[in-house]
Every structure is written in structure tokens, then in C-alpha cells.
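> I have a structure I would like to understand better, so I am pasting it below and will then ask my questions one at a time.
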Amino acid sequence: MTEAPRGGPAKVVVIGGSMAGMLAAAAVRDHTDRVEIVEAHELPDGPDPRTGVPQAVHIHMLQTGGAEAVEALLPGSVGRLVAAGAHRIPVTTGMVIHSPEGWYRRWRRATHYLISASRDLTDLVVRRQVLEDPRIGVRTRTRAVGLLGDRRAVTGIRVRAADGTEAELRADLVVDASGRSSHTPRWLTDLGVTGLTRDEIDSGLVYASRIYRAPGPLRDWPMIGVQADPRRPGPGGSGGMLPIEGDRWHVSLMGPPGAHPTRDPADFEPFARSLRHPILADLLAHAEPLTGVSLTRGTANRRHHYERLAHWPEGLVVLGDAAAAFNPVYGHGLTVAAQSALALRELLAGDGAAGRRAGRAPGFARRAQRAVARPVGSAWALATGQDIHFPTTTGRSPTAADRLLLRGVSRLSRTAAGSFRAATALTDVLSLQAPPVSLARPDVLLAALLGPLRPPLEHPPLTRAERALLNPPDRP
């Protein structure tokens, strides 16, 4: 057996300089002497694309649960994001959403919020705040190529620099936050840890995204979305528009195989007009495209069940997309990464003095992996609970129980269009502040049974200022 390091300063190595990696570094910094982030690429100095993050070209948001987790890990971070140009959108006050059950009302009393910005800006603000801490450093252009240790304990990683030279980085704790390309499943097998299971549920959705200059200032501009209805025959297209820094709109359109958007800019707005409501196309008709169209096909939900392994080595935790990645349409990836990092920090704090050795208390790594699995489980249930009902989905088919659950959720969603109580309960879950099981509370079930208390809206609930952008005064 390779012994864990016992003497000298405690050290944590984080694989990946992503949002998940940066937040993991923030989570462990008070429980170790040194955190070293190993990143395969260079990290940009400004709000520029980071190599290895193809999904950054699509719309991103921090749900309430994620924003609160980031704020807990990095006090003042939400204020920094807003000061840098991000939008703090009140929910549901600042949302114009056409659900399968109709238009949601914009209740005057906001119960939640979301942070909307380009992924590049969000990455930059978080990265800068994390790296202000002198205990945290980054080793760029360096790849993790293996784990050190054995099936009982991971004691560090083996790395390869850009010039091909290899070295060993010893650590009390290794956190894998390397994303969908994580090699941990293979590395565990190399150590003799077997039995890992993986789920993959793929709706086949294809994403096309583009950034536009809005025809006017976007102060207090809402999130706009047209959702697909998996129960309707024919292709299920959907789309979303978020205000981002610089009075710009970030727009993503989605469609299933054979009926999806393309990279051709000439097809982008016609596809938006083909959705269940043309509101996105109507707005884009008055906007200036600033980028080409970026297309992504890999939108499958993938989950490695590390928490179920009969044996888990000490000194290793996996989080972020390396543990589970979700269909981006639900906007949960960043939030789950933040909540997972916060769960790691809380567990370290609970270990008391032993936490100073950054997770070397017996059984800590297994407890941490199970703690990470809790926010993953909630988001997984939401994403796959919807995706399994599309006819193009592979990996799992809906059961009778799944179809019954969908009818119940649809009834609650229809109620939420005209009931503040139902809307709040639903938003608690969608913002990852409450588990899906909370929708089975007696008061929520009663609200769903009573149905909406107000008649359905026939048109998008836009304000006068928002409607003005549909027909600017300088346009016919």
C-alpha cells in the first residue's frame, strides 16, 4: 500500500480550472495549507473563451440555489458579477415563459432570482476572486494523467507538462473537477477499484446559439423562454433568451434529431419562428447579430454513480460534470457544481480539527462523495424526468409510473400559471432550493387539485417597455 503523506504542510490538488474546479478550491482553502489547481490549458486574463468549454457558447445562468452557494463560498461574488454587467433577474417577476401548460404569470412578489451573464464573464469573476487567495495557485498547460496511490488511498496525481515531462504531485486530497472528459473511471480501474456504474439518458437535442445586440438598453430585462411539449406530436423545438452584459441578448435554440437548428445564420431566426410561439423571432427581427451560430450536439445526461461503489479510496472526491452532466436546457450544471463544492466545505468544517488535514479523516472521502450526490440527484431527477418523454430519447423509456408523474407535474404546472402558491412550490424545486419530493407536500397537492385561481394568459406577459422593443419607434 502507498502511504498517505503524514508530515509537512497539508495540500489539496484540484484537477481542472473550470467553475467547478475554482469553487472546489474555494471550498477546501480553509482546511489546508496549499491548494494547487492543475489545468490543461491557459486561463484567459479577461472575459474570453476558455479552451475546453464548448458549452460556453450557449446560454448560462446561476439559479438561486447556485448563486447562494457561490456567495457562501465566495462572499461578495454575486455583487461582483452584477457590478461587472451580469443581470440579477427576479423570479418569477422577471420571467416570460411559455410552458407546455401556457404562459406563466409574472408575480409581483419575487421569491427567487437568477444571475444571467455570459459564461466567460461568470468564469472570470469567480476565477479572479478565487485566485486572490495566496493559498491557491494554478499550474496551467499541465494535464493530469493518473492517480497516485492504490485502491485504499489516493495520495496525489501524476501530471504531464506541455513539453512532455512528467511529475508527481502529492496531496492529502485530490478533487477531480475536470468535466465530461474526466478519466477517473479508468484511473480507478487501474487502482483496482471496480464496479462503477454509469447512466446516460440522451434526448438527442441539438443546440444552436448566437449573441445579438439588443435594440435598446436591457435594464430589468426578463428571461424569455419557449419550452417544448413532449406530449405533442411532431418535433419538439424550444428556445431561450437571456440578457447578458453589454446590452446583449444570448439566444439558444434547441431541436431534436432531424428537426434541429443548423449552423447557417439564415436559418436561425426562421427556426425561432417555428417554435410554439414566435416571441423570440419577433424580438430578434429588431436586433443586430454579433456572432455566427455555434452548434453543439452532445447534450446527453450522464451520471457516474461513485457514491454507490462498494469501495471508495480515501483522498479522492469527484464533482461537477466529472460526476454528472446534464442537458443544458434545464440550466442546472453551474448550480449543481456550486452546491457540490459547498457540501464539500461543510463536510470539512464538520470534521473539526481533522479537517485541517483536508479530508484525511477516516471515511471522509466516501462521506464527501455521498454529499456531492445529493444535489446531483435532485437535478438528475428533474432533467431525466422530462427528457425520457421525448420520442428521440435513448437510454431509458418512460414507465407507467413516469407517465403518471408527468401528468401530475403538468397539472401542477398548469396550476402554477394562475396560483402563486403553486408557482412558488414549483420554482423552489426548479431553482434547486428544494428536492422534487417537496412537490408532494399536502398544501402543494391541494393547490394542484384546486387548479389555477386565475384564467390562463392568452399573450406573453410583457411590460409596455418590453413591448416597445418588439416594434422600436425607428422601425416600421
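> Are any of the residues in the range 204-225 more than 27 Å from Ile115 (Cα to Cα), assigned to a loop (DSSP other than H, G, I, E, B) and among the hydrophobic types (A, V, I, L, M, F, W, C)?
Initially, the range 204-225 is screened for residues more than 27 Å from Ile115 (Cα to Cα), giving 204.
Next cut, assigned to a loop (DSSP other than H, G, I, E, B) only: 204.
If we keep only those that are among the hydrophobic types (A, V, I, L, M, F, W, C) too, we end up with none.
Looking for residues that are more than 27 Å from Ile115 (Cα to Cα), assigned to a loop (DSSP other than H, G, I, E, B) and among the hydrophobic types (A, V, I, L, M, F, W, C), one finds none in the range 204-225, hence no.
> Would you mind finding the one in Ala24, Ala67 that is touching a residue at least 40 places away in the same chain (Cβ under 8 Å), within 17 Å of the chain's Cα centre (by Cα) and assigned by TED's automatic domain parsing to the domain that holds Ala365?
Working: Ala67 fails: assigned by TED's automatic domain parsing to the domain that holds Ala365.
Being touching a residue at least 40 places away in the same chain (Cβ under 8 Å), within 17 Å of the chain's Cα centre (by Cα) and assigned by TED's automatic domain parsing to the domain that holds Ala365 holds for just one of Ala24, Ala67, which is Ala24.
> How many of the residues making up the range 207-230 are under 15 Å from Glu269 (Cα atoms) and either of a type in the set (S, T, N, Q) or without any contact (Cβ under 8 Å) to a residue 40 or more places away in the chain (or both)?
Within the range 207-230, residues that are under 15 Å from Glu269 (Cα atoms) and either of a type in the set (S, T, N, Q) or without any contact (Cβ under 8 Å) to a residue 40 or more places away in the chain (or both) number 1.
> Of these, Ala153, Ala144, Ala86, which one is in contact with a strand residue (DSSP E or B) (Cβ under 7 Å, 6 or more places away or on another chain), among the small types (Gly, Ala, Ser) and more than 25 Å from Glu36 (Cβ to Cβ)?
Working: Ala153 fails: more than 25 Å from Glu36 (Cβ to Cβ); Ala144 fails: more than 25 Å from Glu36 (Cβ to Cβ).
Exactly one of Ala153, Ala144, Ala86 is in contact with a strand residue (DSSP E or B) (Cβ under 7 Å, 6 or more places away or on another chain), among the small types (Gly, Ala, Ser) and more than 25 Å from Glu36 (Cβ to Cβ), namely Ala86.
> Restricting attention to strands (runs of 3 or more DSSP E) lying wholly within the range 98-171, give those where 1 or more residues are free of Cβ contacts under 8 Å to residues at least 60 places away in the same chain. Lay out the reasoning, then the answer.
Values: elements: 112-116, 136-139, 142-149, 154-161, 166-170.
Fully inside the range 98-171 and qualifying: 112-116, 142-149, 154-161, 166-170.
> Give Gly149, Gly76, Gly102, Gly52 a once-over and let me know the one that is surrounded by fewer than 21 Cβ atoms within 10 Å (Cβ to Cβ) and modelled with pLDDT of 95 or more.
On the way: Gly149 fails: surrounded by fewer than 21 Cβ atoms within 10 Å (Cβ to Cβ); Gly102 fails: modelled with pLDDT of 95 or more; Gly52 fails: modelled with pLDDT of 95 or more.
On inspection, the qualifying residue turns out to be Gly76.
Conditions tested, residue by residue: (1) without any contact (Cβ under 8 Å) to a residue 12 or more places away in the chain; (2) among the charged types (D, E, K, R); (3) buried (at least 16 other Cβ atoms within 10 Å of the Cβ); (4) assigned to a helix (DSSP H, G or I).
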| residue | (1), (2), (3), (4) |
| --- | --- |
| Pro243 | no, no, yes, no |
| Trp249 | no, no, yes, no |
| Ser252 | no, no, yes, no |
| Thr262 | no, no, no, no |
| Ala281 | no, no, yes, yes |
| His286 | no, no, yes, no |
| Arg302 | no, yes, yes, no |
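> When the residues of the range 436-460 are filtered to those that are of a type outside the set (A, V, I, L, M, F, W, C) and buried (at least 16 other Cβ atoms within 10 Å of the Cβ), which remaining residue is nearest to His277 (Cα to Cα)?
The qualifying residue nearest to His277 (Cα to Cα) is Pro460.
> Additional query: Of the residues that make up the range 125-145, is at least one touching a helix residue (DSSP H, G or I) at 6+ places or on another chain (Cβ under 6 Å), among the β-branched types (Val, Ile, Thr) and surrounded by fewer than 21 Cβ atoms within 10 Å (Cβ to Cβ)?
Checking the range 125-145: at least one residue is touching a helix residue (DSSP H, G or I) at 6+ places or on another chain (Cβ under 6 Å), among the β-branched types (Val, Ile, Thr) and surrounded by fewer than 21 Cβ atoms within 10 Å (Cβ to Cβ).
> Could you identify the single residue in Leu191, Leu205, Leu218, Leu169 that is closer than 18 Å to Ala287 by Cα and not charged (D, E, K, R)? Quick ask: steps written out before the conclusion?
Numbers: Leu191 fails: closer than 18 Å to Ala287 by Cα; Leu205 fails: closer than 18 Å to Ala287 by Cα; Leu169 fails: closer than 18 Å to Ala287 by Cα.
Unique residue meeting the criteria: Leu218.
> I've got another one for you. Check Arg29, Arg80, Arg50, Arg88 and return the single one that is charged (D, E, K, R) and assigned to a strand (DSSP E or B).
Step by step, each of Arg29, Arg80, Arg50, Arg88 is checked, and only Arg88 is charged (D, E, K, R) and assigned to a strand (DSSP E or B).
The values are calculated or read from the model by the stated rules, or taken from the named source; none is laboratory data. Keep in mind it's a predicted model, so treat the numbers as computed, not measured. Every residue, glycine as well, gets a Cβ built from its backbone with ideal geometry; the counts of neighbours run over all protein chains shown.
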